[in-house]
Amino acid sequence: MSETHFVFPDNERHMLRAMPVNLIVYQFYGGYFHILLITRQMQALMNWDKEEPDQIISVEIPRELKTEADGEKRTLKAEIHETERADSLLHYATYTDVTEPRKRLRVQLAQRKIRLDFFQKILDTTQECIFWKDEHRRFVGVNRAFLEFYGFPSADVLIGKTDEDMGWHPDPDKFKDDELRVLQGESTRLVHGTCVIRGKVRDILASKSPLYEEGRIIGLVGSFIDVTEQIEQERRYVELHEEKEIALLEAEQAKQSMSNFIMRASHEMRTPLNAVLGFTYLAENEQNVDELHDYIKKIQMSGRLLTDLVNDILDIRKSEDGSMQLLPRPMVLSELLHNIDDMISIMAKQKGILFFTELSFLEEEFVMCDQVRLQQVLMNLLNNAIKFTDEGGTVSLTVREKQLSTLVNEFTFEVRDTGCGMNKEFIDRIFEPFAQENRNAAKYGVGTGLGLTITKRMVDMMHGSIAIESVENEGSKFTIKIPLTLSDKTEYHGFITGSNKQGKRRFDIKGMHFLVVEDNLINQEVASGILEQEGATSEIAENGAEAIEKFEAAKPDQFDAILMDIHMPIMDGMEATRNLRALNREDAKTIPIIAMSAEAFDDTIKDCLESGMNGYIRKPINIVELRRTIGANVRGLDE
């Protein structure tokens with residue numbers, strides 16, 4: 001193309017200039033665009049004086065021109081076409097006034113911004129987390145609640161990203177499939193899911209709908225609410241409901257169990273109670289001394305059985321309701337075993353049974369143990385062995401130990417007898433309350449049927465085990481294994497059991513003088529009467545305060561021991577014991593104080609020991625237990 005200056009013919013120039021359009025014709029030559037022609041209408045609009053302002057040049061055709069008419073600024077936008085004339089390339093630029101359209105557009109944009117701002121304010125004030133995405137599931141925008149929920153400073157963190165990019169769903173496929181269905185035209189409501197927020201899993205309910213533009217889906221809008229607390233409350237409600245149902249079922253079972261227990265206990269208690277009342281009635285009118293003595297022996301035997309039954313029932317209930325506790329203290333194991341040997345030997349000798357103990361396997365004697373409960377376990381087994389072994393038979397107690405660690409040894413207590421034995425069917429239910437095999441009551445006597453139940457539960461509390469081997473008409477073997485913590489060789493003052501230098505204790509209280517602290521007149525008479533029959537003397541104090549007065553008025557060592565009731569008016573037994581121990585006299589620190597109470601709970605025994613008492617016997621008073629307890633706690637009672 002030629003770069004020479006092109007000139008329109010005059011007639012064409014006049015015709016073009018007269019056209020009622022905003023037209024400028026440009027030609028590019030010499031490196032610039034030159035104006036070849038301008039219509040008068042354009043010239044007037046632009047306020048140009050010269051008809052042919054070809055001196056106006058530029059390196060490109062202006063796409064927009066600015067002018068001012070009637071004090072108002074106007075904007076002209078060019079539409080450019082090219083054409084060839086006489087080997088020259090001419091550019092025809094038609095300018096359109098876009099001032100008003102642009103004004104209207106600015107107004108529309110401003111109104112749209114106002115609407116968007118208003119819409120955003122509405123979104124930012126709602127508590128639901130709202131978001132919207134494009135057709136590729138990429139975030140386009142979110143509201144303030146969404147940002148606060150995730151802890152984002154602004155939407156820039158997630159704009160243009162998908163859920164998978166953010167990585168906040170433990171199961172992203174579920175949400176992805178949900179959104180793909182929405183982009184196909186479905187709407188979802190309150191779909192449950194989970195998301196990870198700052199390391200914590202939260203439960204949400206999400207609702208989503210497609211976004212349309214001119215009938216075409218261009219994305220989706222969704223919202224969700226955090227229902228973690230509600231889900232947790234519902235879950236807890238279900239758990240509580242289930243727990244309630246279980247508790248109700250257990251309560252009903254416990255109620256039925258208690259009802260059965262009371263029925264069985266009532267039945268068991270009626271037999272000795274009937275004997276006590278019946279033989280008492282017969283004794284009232286009996287003149288024959290021998291018959292009267294026989295009635296009294298039967299009353300005494302029935303009373304002991306009734307006492308044993310009450311004590312066993314208390315132990316059973318304590319083991320079931322959790323109130324039974326072990327009170328481990330330093331003890332000398334051989335001392336306990338020697339005392340058991342003394343008591344069982346007497347019973348065996350009376351029945352014509354050979355009884356022996358094998359303790360040579362013992363190496364460590366000092367252990368931590370609740371010796372009352374251990375003694376109860378062994379006595380239950382040995383009493384049964386003596387009871388079910390005929391004259392001329394043999395009963396033995398063998399004790400072995402095995403080291404488990406530097407501080408714990410396992411002690412095995414094996415009780416054997418050559419008695420009547422048991423069948424397998426009975427062994428399978430032997431630890432059930434009131435379980436008794438059908439044996440000749442006249443030959444073997446009656447029992448509570450609770451001893452082995454209590455024994456099993458106590459062994460379990462000691463973290464031990466019990467095993468049974470038995471053959472009918474040949475005998476039985478009970479093996480108990482209990483882990484015990486070893487103790488230092490500390491001077492030990494026995495509680496209920498004790499021993500002198502020879503390892504024996506003579507339970508003879510003849511010649512001793514006691515202070516009996518008891519508020520009940522009948523119990524005073526019983527206690528003093530028993531002591532008198534044993535060759536001892538006593539003085540009575542009706543409450544703790546009176547006991548302190550009598551003790552202070554007495555000469556040093558006038559009393560050999562104090563039998564102290566617990567529940568009394570004015571001052572109870574524990575407070576009296578603490579006050580006695582605090583007196584400024586030597587015998588107040590050393591005198592044995594033995595608790596007497598019908599309350600046989602472990603916490604009570606523990607409180608008695610902590611108050612300064614040495615031992616504990618249960619009412620009604622058993623003379624054997626009384627002698628043994630006093631003998632265990634009074635110094636100098638040698639054989």
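The values are calculated or read from the model by the stated rules, or taken from the named source; none is laboratory data. What you see is a predicted model, and the numbers here were worked out from it, not measured in a lab. Note that each Cβ is placed from the backbone with ideal geometry, even for glycine, and that neighbours are counted across all protein chains shown. In case anyone asks, the SASA skips ligands and DNA or RNA and just uses the protein heavy atoms, side chains included. Shrake-Rupley method; radii C 1.70, N 1.55, O 1.52, S 1.80 Å.
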query: Roughly speaking, to the nearest percent, how much of the range 345-394's 1.4 Å accessible area is carbon and sulfur?
result: 53 percent
query: How big is the accessible area of GLU586 in square angstrom, nearest 10, if you roll a 1.4 angstrom probe over the protein chains?
result: 140 Å²
task: Could you give the spread of the C-alpha atoms of the range 131-186 along their three principal axes, from largest to smallest, in whole angstroms?
output: 32, 22, 17
- prompt: Which three extents, in whole angstrom, do the alpha-carbon atoms of the range 151-226 cover along their principal axes, largest first?
  reply: 41, 27, 19
- prompt: Kirkwood-based Rg over Rh for the range 531-596 (C-alpha set), two decimals?
  reply: 0.94
query: Full extension from ALA251 to SER405: what is 0.36 nm times the residue separation minus their Cα-Cα distance, to one decimal in nm?
result: 51.2 nm
query: Of the chymotrypsin sites (Phe, Trp or Tyr not before Pro) in the range 356-406, which ones lie in a loop per DSSP and count no more than 12 other C-beta atoms within 10 Å?
result: PHE361
task: Please list the radius of gyration and Dmax for the range 92-241, considering alpha-carbon atoms only, with Å as the unit.
output: 20.0, 87
message: At 1.4 Å probe size, what's the solvent-accessible area of SER405? Round to the nearest 10 Å².
response: 50 Å²
